[in-house]
Amino acid sequence: GIGKSALNDLTSGEYNIAIGSNAGEVITTSDDNIAIGYEAAKALSTGYSNTYIGKQSGVNTTIGYQNTAVGMDSLKGHSSTAGTGVPFKSTALGYAAGRNTLNARGIIAVGWQTAFSNYSADYIHIGNSAGYNYGTLGDNTGSSNRGNISIGHGSLYGSHSSTTDYMNCTAIGNYALS
């Protein structure tokens, strides 16, 4: 690792790259991870094949498999500590894309603050703020509000405060199903 405390705790993990202060700091035995940026993947201790690029990208991810996050604060709150399940196969591209997303599995979030504070799984959100505050608050397993696709600025925005659960829906257009 390059930078203060980068790959600081590495014991037997192989093929890891960390560039930036505290990047990949607690990776011990995990393999094939890339962390570039200040505190990128800082808390990642278990998992493999993750890529976190950007300041504090994936900073709170403790366990993760095959996640890709590019952009400052992308998948920042992506953690397995707030519910059941382990985050895996998730992709977030853009500033704060997927930030505060809990236990998301199989997600795609593209755009500024897309899927920010999202509590669902198996979704695709594309467009600035698409899927923002979406999912059933407290359902960190992603068992409701899953399998949705939203395309457009603010589509499925703020829907977790609603009593309506959306399953396998498609929302296209600015603020569709919001």
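Could you check how many residues of the range 128-163 are open to solvent by 20 Å² or more (accessible area, probe 1.4 Å) and modelled with pLDDT of 70 or more? Let's see the steps before the verdict.
We begin by selecting, within the range 128-163, every residue open to solvent by 20 Å² or more (accessible area, probe 1.4 Å); these are 128, 132-133, 136-141, 143, 146-147, 149, 151, 153, 157-158, 160-163.
Those still in the list that are modelled with pLDDT of 70 or more too: 128, 132-133, 146-147, 149, 151, 153, 157-158.
Result for the range 128-163: 10.
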Of (1) surrounded by fewer than 22 Cβ atoms within 10 Å (Cβ to Cβ); (2) under 30 Å from T29 (Cα atoms); (3) modelled with pLDDT under 90, C169 fails just (2)
Tell me, yes or no, whether the range 10-25 has at least one residue that is under 20 Å from the mean Cα position of the chain (by Cα), touching a residue at least 24 places away in the same chain (Cβ under 8 Å) and assigned to a strand (DSSP E or B).
-> no
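From the list A96, A82, pick out the single residue that is buried (at least 24 other Cβ atoms within 10 Å of the Cβ) and either modelled with pLDDT under 90 or not in a strand (DSSP E or B) (or both).
Working: A82 fails: buried (at least 24 other Cβ atoms within 10 Å of the Cβ).
Unique residue meeting the criteria: A96.
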So which residues in the range 26-54 are assigned to a loop (DSSP other than H, G, I, E, B) and open to solvent by 10 Å² or more (accessible area, probe 1.4 Å), if there are any at all?
-> V26, T28, T29, D32, G37, Y38, E39, K42, A43, S45, S49, G54
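Step by step: first the residues of the range 62-72, then only those that are in a loop (DSSP other than H, G, I, E, B) and over 14 Å from A97 (Cβ atoms), then the one that is most open to solvent (accessible area, probe 1.4 Å). Which residue is that? Working first, answer last.
Of all residues in the range 62-72, those in a loop (DSSP other than H, G, I, E, B) come to 62, 66-67, 71-72.
Add one more test, that the residue is over 14 Å from A97 (Cβ atoms), and what stays is 62, 66.
Working: T62: 35, Q66: 74 Å².
Checked the range 62-72; the qualifying residue most open to solvent (accessible area, probe 1.4 Å) is Q66.
Going through the range 1-25 one residue at a time, which ones are under 21 Å from K89 (Cα atoms) and either surrounded by fewer than 21 Cβ atoms within 10 Å (Cβ to Cβ) or at pLDDT below 95 (or both)? Outline the logic, then answer.
If we filter the range 1-25 for residues that are under 21 Å from K89 (Cα atoms), which is where we start, we get 13-18, 23-24.
Within the range 1-25, G13, E14, Y15, I17 qualify.
The values are calculated or read from the model by the stated rules, or taken from the named source; none is laboratory data. All values derive from a computational prediction rather than experimental measurement. Glycine gets a Cβ as well: all are built from the backbone with ideal geometry, and neighbour counts include every protein chain shown. The accessibility values were calculated without ligands, DNA or RNA, using every heavy atom of the protein model including side chains. Shrake-Rupley method; radii C 1.70, N 1.55, O 1.52, S 1.80 Å.
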